[in-house]
1. Looking at T74, is it closer than 25 Å to F147 by Cα and polar (S, T, N, Q)?
2. Which residues, counting only those in region 134-172, are within 16 Å of ligand 1 (Cβ to nearest atom), surrounded by 14 or more Cβ atoms within 10 Å (Cβ to Cβ) and part of a helix (DSSP H, G or I)?
3. Which of the residues that make up region 92-117 are more than 15 Å from D39 (Cα to Cα) and more than 16 Å from ligand 2 (Cβ to nearest atom)?
4. Take V131 and decide whether it is surrounded by 22 or more Cβ atoms within 10 Å (Cβ to Cβ) and more than 14 Å from ligand 3 (Cβ to nearest atom).
5. Looking at (1) without any contact (Cβ under 8 Å) to a residue 40 or more places away in the chain; (2) more than 23 Å from D29 (Cα to Cα); (3) not small (G, A, S), can you tell me which one Y106 breaks?
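What follows draws every value from the coordinates through simple rules; no lab data is involved. Please read these numbers as outputs of a predicted model, since none were measured by experiment. Quick reminder, even Gly has a Cβ in these numbers, built from the backbone with ideal geometry, and neighbours come from all protein chains shown.
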Amino acid sequence: MNGMRRGALIVIEGVDRSGKSTQCKKLVDSLKAMSVNADLVRFPDRSTHIGGLIDKYLKQKSHLCDEAIHLMFTANRWEKKEEMERLLKQGVTLVVDRYSFSGIVYSSIKKNMKLHWCQEPENGLLRPDLVFLLTLSENEMAKRPNFGDERYENTETQEKVAKAFLDMSREQGDWEVVPADGTIEDVHKVLLERAVKKIAEVERKSIRNL
Ligand code: DGP
Ligand code: NA
Ligand code: NA
């Protein structure tokens, strides 16, 4: 590497309504306030052509078979890879609202979709330096019933998603499971502290792939 410090790739994962989007925004804001160069990325990115197809699928305005939509979500990450890598190399820390792990989890809980098959097209995307998995207790999940009308927004799916994320967290390094029942501020403090440490740790390390 040249003398430049690279940014860190930090991902936040979790079930719907676990507070990911709120925490991602707060993390970026706090990092910026500390003069850390940081940016928010979110998946799916519904603003691209592929993202538009995903949006229609999620709003149940179109049908796609499980394999086809899986590859759409993956392609939506691939189409951002070059830009993300360029920003990281320029020293920008990226805070990412959902990533490949959502891709693998939301697909592999479907009947006839094998975990290995779901994992394969994610290989070669940028490997996060740190993944926060926000978890909710069953009690707290029941208290956040404000589902919208989108495809996966139902209790049965979300329970499967929560379990699949936890199973996945046991097999990976660089994951931090963060109980997210607490207040927005409490959760934020934990994320900020870990993120700041990680940013310093990886600034001279090379960027890896999944
Ligand atoms: P969000 O905008 O974060 O609320 O995500 C929209 C929905 O899409 C949410 O229910 C989770 C789901 N989702 C996110 N990423 C993927 C993915 O890569 N694959 C699949 N199948 N679903 C995903
Ligand atoms: Na959602
Ligand atoms: Na399956």
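1. Details: closer than 25 Å to F147 by Cα: yes; polar (S, T, N, Q): yes.
So T74 fits the description; yes.
2. Within region 134-172, M141, T157, Q158, E159, K160, V161, A162, A164, F165, M168 qualify.
3. Selection gives S100, I104, S108, K110, K111, N112, M113, K114, L115, H116, W117.
4. Numbers: surrounded by 22 or more Cβ atoms within 10 Å (Cβ to Cβ): yes; more than 14 Å from ligand 3 (Cβ to nearest atom): yes.
So V131 passes the test.
5. Failing condition for Y106: (1).
This table checks each residue for (1) under 22 Å from K160 (Cα atoms); (2) within 16 Å of ligand 2 (Cβ to nearest atom); (3) without any contact (Cβ under 8 Å) to a residue 12 or more places away in the chain.
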position	(1), (2), (3)
V11	yes, no, no
K26	no, no, no
L64	yes, no, yes
M72	yes, no, no
